[in-house]
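Visitor: Have a look at the structure that comes next, please.
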Amino acid sequence: MHMLRQRLTKALLIPVLLSTSLAFAQFETPIQVHDTSILKPPPGAKIAIVEFQDLECPVCGHDNPIIKDAVDRYHVPWIHYDFPLPQHPWAFQAAVYAHWFQAKNMTLADQYRNFIYDNQPQIETKSDLRNWTEKFAKMHGMALPFIVDPQGKLAAQVKADQALGNRMGVHYTPTVWIVTNDYSHGKNYVQVTDFNDLYTMLDRAEAEVAHEK
């Protein structure tokens, strides 16, 4: 009876804790950016969204479709950097898998990230992650090798993203900026701390770059 009560208590607390986490993360205080070198659109773009993400982070999973819908509506590049947090046991391996797909095709990697976020509630362990990743690979006519990163090159790429985030001052996920090629206001980037404002912020960014040729 005691064990049953514990399980019921845990089951009831999880949604409450998750809801609290999501609500808190939607209104994060902007970070103090120490390195702005990547906060610019790629060549040929006037606006972009730059994100440091953790594929196991429930807040990232919650916000991912919001960002995806905005990207589809505004047709802006969405630049991902991996920042797996130490408290998430399978996040780093998920980032390695994402880089494996990215080496094949950038669009495929984006689809994989969306797929993992969509199925995040079903993934509790690295073994679960492997199974879902194999499922995704099979859906795209691919076979996931038994060892995806034999020389550690993909892990090094993930660690490079983490190091970049640390240099910039990133310490939570998702950390998202809207960046433009307009420096007339002295700063060409703004952090998204409330995703309810994402469309308004993108409208403002479009207005700021409208005069650019």
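The values are calculated or read from the model by the stated rules, or taken from the named source; none is laboratory data. Predicted model only: the values in this text are computed from it and were never measured. FYI the Cβ positions are ideal-geometry reconstructions off the backbone, even for glycines, and counts take in every protein chain you see. Protein only, heavy atoms only, side chains kept; ligands, DNA and RNA dropped before computing areas. Shrake-Rupley method; radii C 1.70, N 1.55, O 1.52, S 1.80 Å.
Per-residue answers, yes or no, for (1) modelled with pLDDT of 95 or more; (2) hydrophobic (A, V, I, L, M, F, W, C); (3) in contact with a Pro (Cβ under 8 Å, 6 or more places away or on another chain); (4) assigned to a strand (DSSP E or B):
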site: Ala95; (1), (2), (3), (4): yes, yes, yes, no
site: Phe101; (1), (2), (3), (4): yes, yes, no, no
site: Pro121; (1), (2), (3), (4): yes, no, no, no
site: Arg130; (1), (2), (3), (4): yes, no, no, no
site: Asn166; (1), (2), (3), (4): yes, no, no, no
site: Trp177; (1), (2), (3), (4): yes, yes, no, yes
site: Ser184; (1), (2), (3), (4): no, no, no, no
site: Asp197; (1), (2), (3), (4): yes, no, no, no
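Visitor: Write out, first by first residue and then by second, each pair whose Cβ atoms fall under 6 Å of each other, whose residues are 6+ apart or on separate chains, and whose first residue, in the stretch 125-140, is open to solvent by less than 60 Å² (accessible area, probe 1.4 Å) while the second is modelled with pLDDT under 95 and part of a loop (DSSP other than H, G, I, E, B).
Guide: From the stretch 125-140, no pairs qualify.
Visitor: Then there's this: Return a yes/no flag: does the stretch 177-187 have any residue that is within 30 Å of Val76 (Cβ to Cβ) and of a type in the set (Lys, Arg).
Guide: Yes, the stretch 177-187 contains a residue that is within 30 Å of Val76 (Cβ to Cβ) and of a type in the set (Lys, Arg).
Visitor: How many residues, within the stretch 149-164, are touching a helix residue (DSSP H, G or I) at 6+ places or on another chain (Cβ under 6 Å) and in a loop (DSSP other than H, G, I, E, B)?
Guide: Residues in the stretch 149-164 being touching a helix residue (DSSP H, G or I) at 6+ places or on another chain (Cβ under 6 Å) and in a loop (DSSP other than H, G, I, E, B): 1 in total.
Visitor: Are there any pairs, at least 6 apart or on different chains, whose C-beta atoms fall under 6 Å, with the first in the stretch 188-213 and farther than 20 Å from Gln32 by Cβ and the second open to solvent by 40 Å² or more (accessible area, probe 1.4 Å) and modelled with pLDDT of 95 or more, and if so, which?
Guide: Phe195/Ile66; Val209/Lys46; Glu212/Lys46
Visitor: For the stretch 103-119, give me each residue that is assigned to a helix (DSSP H, G or I) and not aromatic (Phe, Trp, Tyr).
Guide: Ala103, Lys104, Met106, Thr107, Leu108, Ala109, Asp110, Gln111, Arg113, Asn114, Ile116, Asp118
Visitor: Would a scan of the stretch 201-211 turn up a residue that is modelled with pLDDT under 95, open to solvent by less than 60 Å² (accessible area, probe 1.4 Å) and either aliphatic (A, V, I, L, M) or on the phi > 0 side of the Ramachandran plot (or both)?
Guide: Looking for residues that are modelled with pLDDT under 95, open to solvent by less than 60 Å² (accessible area, probe 1.4 Å) and either aliphatic (A, V, I, L, M) or on the phi > 0 side of the Ramachandran plot (or both), one finds at least one in the stretch 201-211, hence yes.
Visitor: Which of the residues spanning the stretch 46-87 are surrounded by fewer than 19 Cβ atoms within 10 Å (Cβ to Cβ), out of contact with any Ser or Thr (no Cβ under 9 Å at 6 or more places or on another chain) and part of a loop (DSSP other than H, G, I, E, B)?
Guide: If the condition is that a residue be surrounded by fewer than 19 Cβ atoms within 10 Å (Cβ to Cβ), out of contact with any Ser or Thr (no Cβ under 9 Å at 6 or more places or on another chain) and part of a loop (DSSP other than H, G, I, E, B), then His75, Pro77, Pro86, Gln87 are the ones that fit.
Visitor: Does the stretch 88-105 hold any residues that are of a type in the set (A, V, I, L, M) and either closer than 24 Å to Met168 by Cα or open to solvent by less than 30 Å² (accessible area, probe 1.4 Å) (or both), and which are they?
Guide: Ala91, Ala94, Ala95, Val96, Ala98
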